[in-house]
Amino acid sequence: MLLPTPLQVLHDPLFTEKRVRVLVKRDDLIHPYISGNKWRKLKYVLEHAQQENHHHLVTFGGAWSNHLLATACAAAMNGMTATGWVRGEPVHNLVLSLCTIFGMELRFVPREVYREKRLLFDKEYDGRSDVHFIDEGGAGTDAIRGCAEMVTELDEPFDHIFCACGTGTTAAGILTGMNERQLTATLHAVPVLKDQGFVEKDLARLPSGTAHWTVHPDFHLGGYAKTPPELLLFIRQLASSTGILTDPIYTGKAFFALYNLVQADYFAPGQTLVIVHTGGLTGIAGKTREFDSI
Ligand SMILES: *Cc1c(COP(=O)(O)O)cnc(C)c1O
C-alpha cells in the first residue's frame, strides 16, 4: 500500500500557455487492484467489518466493477472471504477473472433482482452473523470518511480540485475533507453518468463550510462507459505525452474536463489545480477494441 500517494506536477504546453499549475494526486498508485478511491472507500468499511466479527464480505457491482475487484483483493488480504453479486447475464472478462483468482465467489443476477439488493441480501444471508453488507460502489458514511482523509495528504496550496463521479461518494468525501481543514478551494465534480442530478443533490445536502463546489454535467461524453473517439484520442495523447494512463470510464473523462476548461480560460492565470487520479485502470481492458480502431 503506497500512502500517502504522491502529488505530481503535470507538464503540458497548454498549462504553460495558460499559466496554470496542475498537480495529479496519484491515488492510482495506492495498490494495483484495491485501486484509488476504492481503497479509500473500503478502509473504514473493513475496519467496521472486523470490529463486528464479520468475516464474509458481500457486495454488488456491474461486470467491470472496480469496487468488486477491490473488495475481492481486500478480503483476501485481510483473511476474509467474499461474495460479489454481479448485475446481468454471466460473462467473462479480466475484472471478473481477477475477482475469482482472489477467491471471490461470483453470483450473477438479473437486473430486476439486482435492483433490490438489500432484499436479496436479507433473503440470502438470513440468520448468518458473520456477513458484512457493502453497498454497490462501497457508498456510505464510512466511505466518505475514508475519502475525506485524502485531503489531509495534500501538502501544497491549491485553488481547484477535480475528481470523476459515479455515485458521488468520493466527491462528497473530498468536500468534507476540505471543509474539515477549512480550505477555500473549489471542488469540481465530473459525473461520468448522463443522469447525474443526484450528485448535485448529495453535495448540497452536506454541511456547508469554507470550500466551494461545482458539478460539470457536460463531460460524460454520451453516458456511462460511452467512449467517443475524441475521448480515446485524448487518453492516448495524455498517456503518450506525459506517461499518465487514465481509464476511459472515469479518470479519462475527469482529465478531459480539466483540459477543456483550461483551454476555455475557465481558470485565472496563476491558479493551482489538483486532479485526483482515482485509479481503475483495468477498465481499459473492456475497451481495447475501441482503442485499436481509432
Ligand atoms: C468507482 C470509481 C469512481 C467513482 O467514485 P464514486 O465515489 O462512486 O463517485 C471514480 N473513478 C474510478 C477510477 C472509480 O473506479
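Nothing in this text is a laboratory measurement; each read-out follows from the coordinates by a stated rule. It should be emphasised that the depicted structure is a prediction, and the values quoted were computed from it without experimental measurement. No Cβ is skipped: glycine too gets one built from the backbone with ideal geometry, and neighbour counts run over all protein chains shown.
Before moving on, here are some points about what is shown:
- Calculated Rg and Dmax of the chain using C-alpha coordinates, Å: 18.9, 63
- Computed from Cα positions, the angle between helix 66-77 and the longest principal axis of the chain comes to roughly 60 degrees.
- Computed magnitude of the charge dipole of the chain (debye, nearest 20; Cβ of K, R +1, Cβ of D, E -1): 240 debye
- Anchor Lys43: lysines whose Cα lies under 19 Å away (excluding residues fewer than 8 positions away in-chain): Lys25
- Kirkwood analysis of the Cα pair distances in segment 101-218 returns a hydrodynamic radius of 16.3 Å.
- For the residues Ala172, Ala225, Ala257, a GNM of the chain with alpha-carbon springs under 10 Å puts the largest fluctuation on Ala225.
- Basic side chains Lys and Arg get +1 at the Cβ, acidic Asp and Glu get -1 at the Cβ, and with that the dipole of segment 146-225 about its Cα centre reaches some 300 debye.
- Projected-area mean, segment 27-175, by convex hull of Cα positions, square nanometres: 9.1 nm²
- Relative to the dominant Cα principal axis of the chain, helix 169-180 is inclined by about 60°.
- Rounded to the nearest 20 debye, the dipole magnitude of segment 1-146 is 560 debye, with +1 charges on Lys and Arg beta carbons, -1 on Asp and Glu beta carbons, and the Cα centre as origin.
- Beta bridge orientation in the chain: antiparallel %, DSSP, nearest 5: 10 percent
- The angle between the Cα long axis of helix 251-263 and the longest principal axis of the Cα atoms of the chain comes to about 20 degrees, rounded to the nearest 10.
- Links that overshoot a 29 Å alpha carbon limit, given the list Lys123/Lys194; Lys194/Lys287; Lys38/Lys253: Lys123/Lys194
- The shape of segment 151-260 comes out oblate: with a ≥ b ≥ c from the C-alpha gyration tensor, a/c is at least 1.5 while a/b does not beat b/c.
- Computed packing ranks the peptides 35-47, 278-290, 173-185 as 35-47, 173-185, 278-290, most packed first, by mean other Cβ atoms within 10 Å.
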